[in-house]
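Comments concern the structure below.
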Amino acid sequence: MSDPPARDFWKHRSLDELGEQEWEALCDGCARCCMVKLEDEDTGRLYFTNVACAMLDLDRCRCRDYAHRRERVAGCLDLRPLDDNLLAQLPDSCAYRRLAQGRELPAWHPLVSGEADSVRRAGISMCGRCFSETHIHPEQLIDHIIDL
């Protein structure tokens, strides 16, 4: 079993230098990246919806099969290596996006607050605020656009 990530590891190394356990620890579990996104064909702008990937456990805001998600879901985001295209698909609150842009982690992030539930209390988590794509017709997605 490997050692847990060192305290404040993200402040001392770049995203490219992080080990797998450190990389995973940066995820706050908000599930915003698991929401279906719509792209404006004319402008390329992405719009987030409150419609979640069918693999998302809506109660826990965790993938039901994280280890195999990319094999099971076409288009599931693989954030490594993180590039500009991927950054655009992540919400502004995302730790990966924030750090890639030279910003700090917010006070509500579990690595800063020391509390796993701080994401929910801050209103960042999608738990209890989304629907599974299995219950939404694709033509209805536009009605589910939200501002993140």
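Rule-based calculations on the coordinates, nothing more; no lab input. These numbers were taken from a predicted model, which means no experiment stands behind them. Cβ sites come from the backbone with ideal geometry, for glycine too, and all protein chains shown count toward neighbours.
Result for the chain in a Gaussian network model with C-alpha springs under 10 Å: among Tyr47, Tyr96, Tyr66, the largest mean-square fluctuation is at Tyr66. With helices as the sole contributors, the chain gives -4500 deg cm²/dmol at 222 nm; each DSSP H run of n ≥ 4 counts as -39500 (n - 2.57), and the sum is divided by every residue.
The Cβ shell under 13 Å around Gly123 holds other residues with a net charge of +1, Lys and Arg each +1, Asp and Glu each -1. Distance from the C-alpha centroid of the range 79-148 to that of the range 5-37: 12 Å, rounded to the whole angstrom. Applying the criteria of a DSSP loop state and at most 13 other Cβ atoms within 10 Å to the trypsin sites (Lys or Arg not before Pro) of the range 68-119 yields Arg103.
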